[in-house]
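Notes for the one structure printed next.
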Amino acid sequence: MARILLGVSGGIAAYKALELVRLATAAGHALRVIQTPASRRFVGAASFAALSGAPVLSDEFERDPARGAFPGDAAPGHDPLSHLELVRNTDIFLVAPASANTLAKLAAGLADNLLTTCALAATCPLLVAPAMNDKMWAHPATQANVVLLRSRGVTVLEPATGRLASRGEEGAGRLPEPGALLEAIEALTRPPVPAPAADLVGLRVLVTAGGTREPIDAVRFVGNRSSGRMGFALAAEAAELGAAVTVVAANVGLPRDPRVTYVDVETAAQLRDACCAAFESTDVLLMAAAVADFRPARSFAGKLKKGADERMRIELERTPDILSGLAAARRADQTLVGFAAEHGAGALQYGREKLARKRLDAVVVNDVSRTDIGFDAADNEVTILTAAGTTQIARASKPQIARAVLDVVVALRAAAAAGAPEPAA
Ligand code: CTP
C-alpha cells in the first residue's frame with residue numbers, strides 16, 4: 001500500500017485521473033488529490049473527494065480538514081501547514097495530467113499554486129505524466145523542460161500516441177491510460193528487493209547443460225530429450241549467488257543469461273574438450289548435461305541413402321565418461337556434482353553407487369520414469385546424495401531445485417573449508 005499524492009492540472013485528460021483514483025483505491029492505496037484552479041474547469045473536486053474518500057485541496061492558503069493525513073491514517077493533533085504536511089506524508093507525488101504550463105512551472109521551480117508549491121516541497125519521488133496537444137508536446141520549450149526535469153531525477157512518462165482532444169487531431173500527447181499510470185506508481189514505490197545472499201562470490205562455476213548429439217551422417221544424429229532447462233537454471237542461480245559462471249551448452253535453444261558465458265557444443269567429444277579446457281580454473285562443476293554414453297562408431301560425411309535394404313545396422317561405441325575423467329584429475333578444493341537420470345526403483349541405490357564410483361561430492365538423482373517432471377518439463381523432483389546424507393527436494397520449479405542444489409554445494413564447501421565433515425543433510 002502506498003500513499004499517493006495526485007496533482008491534477010488543467011486539461012481535458014483530467015477525467016482519466018478520476019479512473020486512476022478509482023483503480024488505485026481499489027488496489028489498496030491511499031490517495032489525496034490536489035487540483036490546480038484550471039483543472040476544476042474540467043473535473044470538479046466533489047468527484048475526486050468521493051472517489052478518494054478525502055478532502056481535495058486547491059489553494060495553498062486553504063485549511064486541510066484532514067490536516068495532511070491520508071485515508072486510514074490518524075490526523076495530527078495540531079493544525080499543520082496543509083501542503084507541507086501532505087507532501088511529508090506521501091510516498092509518491094504524481095502529477096497527472098501535467099499540462100504544458102504546469103510542466104514548465106515544475107521545470108522553472110515556480111510555486112504559484114498548491115500543486116507547484118507541493119512539488120517544490122516534496123522529497124518523495126516525483127512522477128509526471130504530461131498530456132497536451134501534440135504540437136505543444138513537440139515544442140522545443142516543452143522538450144527542454146522534460147530534459148531538465150529528468151536530469152533532476154523526476155520520472156517524466158512519455159505521453160501516448162493516438163487521437164487527441166481537438167477534433168480530427170492525432171499524435172503524441174495523450175495521457176497514458178490509468179492502468180499504466182498505476183503501474184508506474186507501483187514500480188516507483190515497490191520496496192527494494194533485498195540483495196541476494198552472495199554465497200558463491202569469487203567462485204568459478206562450470207555447468208554443463210543440454211544433451212549431446214552424436215552424428216550418424218551429415219543430417220542425422222543419436223540424441224536425447226534433455227532441453228537444458230535444469231543446467232540453465234543452475235547457471236542463473238549460481239550467477240545470482242555471485243559466481244562467475246560458464247555453461248557448456250549442448251544443443252540448448254533456451255534464452256541466454258547476460259551474466260553467463262556460454263560455450264556451445266554438439267557432441268560428447270566437444271563437450272569433453274570444453275570441460276577439460278575450463279576444469280583447471282573451475283571451483284564448482286555441475287554436470288547436468290545428458291551426455292551420450294554411446295555414439296555411432298562411424299559417422300558418414302554425406303547423407304546416408306536408404307538403398308534397397310530393409311534393415312540398417314548402426315554400430316555404437318562407448319563415449320568416454322567425461323565426469324569420471326575430470327574427477328580423476330580433481331583437486332581437493334574443487335566441488336563436483338553429477339546428475340543421475342534413473343528409471344524407477346533402485347534410483348537412489350544407483351545414485352549412491354555413482355557418487356562413490358565417479359568420486360563426486362554430490363549426485364542429484366531424478367526419476368526419469370515420470371512424465372510430469374524431468375526431461376523438458378518446467379518442474380523437477382530430485383534427491384541430492386552426499387557422503388553424509390540424503391536431501392529430498394519435493395516437486396518444485398527448476399530454478400527452485402537449482403537453488404536447493406547450490407545450497408548443498410555452499411554447505412559442502414563451508415564444511416570442507418572448516419575442515420569438518422560436511423553436515424548431514
Ligand atoms: N556423464 C559424463 N560422460 C558420459 C556420460 C555421463 O560425464 N559419457 C555424466 C553426466 O553428465 C551425469 C553423470 O555422468 O552428470 C551421470 O550420468 P549417467 O549416464 O546417469 O551415468 P552412468 O554412470 O553412465 O550410469 P548408467 O549406467 O545409468 O548409464
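The values are calculated or read from the model by the stated rules, or taken from the named source; none is laboratory data. Small disclaimer: the values here were computed from a predicted structure and weren't measured. Counting neighbours? That spans all protein chains shown, and the Cβs are built from the backbone with ideal geometry, glycine included.
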Of Asp217, Asp199, the only residue that is assigned to a loop (DSSP other than H, G, I, E, B) and either crowded, with 18+ Cβ neighbours inside 10 Å or in contact with a helix residue (DSSP H, G or I) (Cβ under 9 Å, 6 or more places away or on another chain) (or both) is Asp199
Only one of Ala356, Ala377 is in a loop (DSSP other than H, G, I, E, B) and of a type in the set (A, V, I, L, M), namely Ala377
When (1) near the ligand (Cβ under 8 Å from one of its atoms); (2) surrounded by 14 or more Cβ atoms within 10 Å (Cβ to Cβ) are applied to Pro320, the one that fails is (2)
| Does at least one position in segment 291-298 carry a residue that is in a loop (DSSP other than H, G, I, E, B), under 35 Å from the mean Cα position of the chain (by Cα), at pLDDT 90 or above and closer than 19 Å to Asp217 by Cβ? | yes
* For segment 330-343, state whether one or more residues are surrounded by fewer than 16 Cβ atoms within 10 Å (Cβ to Cβ), more than 15 Å from Leu206 (Cα to Cα) and either within 12 Å of the ligand (Cβ to nearest atom) or aromatic (Phe, Trp, Tyr) (or both). => yes
Flagged in segment 258-268 as modelled with pLDDT of 95 or more and more than 10 Å from the ligand (Cβ to nearest atom), in numbering order, are Arg259, Val260, Thr261, Tyr262, Val263, Asp264, Val265, Glu266, Thr267
Is it true that Ala144 is small (Gly, Ala, Ser), in contact with a strand residue (DSSP E or B) (Cβ under 9 Å, 6 or more places away or on another chain) and part of a helix (DSSP H, G or I)? no
_Among the residues in segment 155-165, are any in the same structural domain as Val8 (by TED's automatic domain parsing), touching a strand residue (DSSP E or B) at 6+ places or on another chain (Cβ under 8 Å), exposed (fewer than 12 other Cβ atoms within 10 Å of the Cβ) and at pLDDT 90 or above?_
yes
Here, helices (runs of 4 or more DSSP H) confined to segment 6-93 with at least 2 residues that are modelled with pLDDT under 95 are 82-89
When segment 60-119 is checked residue by residue, the ones that are of a type in the set (A, V, I, L, M, F, W, C) and in contact with a Lys or Arg (Cβ under 7 Å, 6 or more places away or on another chain) are Phe70, Ala75, Leu86
All-but-one check, Ala236 against (1) crowded, with 16+ Cβ neighbours inside 10 Å; (2) assigned to a strand (DSSP E or B); (3) away from the ligand (no atom under 16 Å from the Cβ), failing number (2)
So, first residue without any contact (Cβ under 8 Å) to a residue 24 or more places away in the chain in segment 316-335, second residue within 8 Å of the ligand (Cβ to nearest atom), Cβ within less than 7 Å, six or more apart or across chains; the pairs are none
Residue count, segment 49-65, condition of a type in the set (A, V, I, L, M, F, W, C) and under 16 Å from Leu114 (Cα atoms), comes to 3
Going through segment 381-393 in order, the residues found to be under 28 Å from the mean Cα position of the chain (by Cα) and either within 16 Å of the ligand (Cβ to nearest atom) or exposed (fewer than 14 other Cβ atoms within 10 Å of the Cβ) (or both) are Val382, Thr383, Ile384, Gln392
Ala30 fails exactly one of (1) free of Cβ contacts under 8 Å to residues at least 12 places away in the same chain; (2) of a type outside the set (Phe, Trp, Tyr); (3) crowded, with 21+ Cβ neighbours inside 10 Å, namely (1)
In segment 278-290, anything near the ligand (Cβ under 9 Å from one of its atoms), under 16 Å from Asp361 (Cα atoms) and either outside the structural domain of Gly338 (by TED's automatic domain parsing) or assigned to a loop (DSSP other than H, G, I, E, B) (or both) is listed as Ala288
| query | Can we say Lys398 is touching a helix residue (DSSP H, G or I) at 6+ places or on another chain (Cβ under 8 Å) and within 13 Å of the ligand (Cβ to nearest atom)? | reply | no
Within segment 356-380, residues more than 19 Å from Arg395 (Cα to Cα) and within 10 Å of the ligand (Cβ to nearest atom) come out as Arg357, Lys358, Leu360
Boolean, Leu271 is in a helix (DSSP H, G or I), crowded, with 24+ Cβ neighbours inside 10 Å and over 18 Å from the mean Cα position of the chain (by Cα) = yes
